[in-house]
């Protein structure tokens, strides 16, 4: 596959949305125009979570990925990046789908923040009770 034939996918987590473009290359991963190690601050552990789909199939140095991510915080963006990469890899080669699915990387994590209700301090936290 060449750079002309790129695969576009979308990954989501909480309120973050990541759009990934995958094509064969040398293993360069950019997020919003920066290298992934410069964009994701907080150690190698967070970067490895984002690139877990590549590690699962053993393709860290086989694909170039360009990602545009917006919305949410760091954790949501990392989850969205991982989801987008996993979807792109399963679209690139159908044989990767079984491995990615077994590791739970293709499933969209649908947990969201519950809305605040009126008469409450937060979504479920009520007012403090005092007997006197």
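No lab work stands behind these numbers, since they all come straight from the coordinates. Please read all numbers here as calculations on a predicted model, not as lab measurements. Glycine gets a Cβ as well: all are built from the backbone with ideal geometry, and neighbour counts include every protein chain shown.
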Fill in the blank from the handout: Between the modelled labels at residue 117 and residue 48 (7 Å from Cα along Cα→Cβ) the distance in nm is 4.2 nm
Exercise for the section: Take the Cβ-Cβ distance between residue 30 and residue 125 as r, set R0 to 41 Å, and report the resulting FRET efficiency rounded to the nearest 0.05. Expected result: 0.50
Exercise for the section: Going by C-beta contacts inside 10 Å, put 24, 82 in order with the fewest on the left. Expected result: 24, 82
Exercise for the section: Take 63, 39, 118 and order them by how many other Cβ atoms sit within 10 Å, fewest up front. Expected result: 118, 39, 63
Problem - the chain: angle of helix 74-92 to the longest principal axis, Cα-based, in degrees nearest 10 - result: 40 degrees
Handout entry: Rounded if a/c under 1.5, otherwise prolate or oblate - the chain, Cα gyration tensor axes
Key = prolate
Fill in the blank from the handout: By Cβ neighbour count within 10 Å, fewest first, 129, 96 rank 129, 96
Problem - the chain - mean residue ellipticity at 222 nm from DSSP helices (-39,500 (n - 2.57) per run, n ≥ 4, rounded to 500) - result: -8500 deg cm²/dmol
Handout entry: Relative contact order (percent, whole number), the chain, Cα cutoff 8 Å, 6+ residue spacing
Key = 30 percent
Problem - Shape call, segment 1-72: gyration tensor on alpha carbons, a/c limit 1.5 - result: oblate
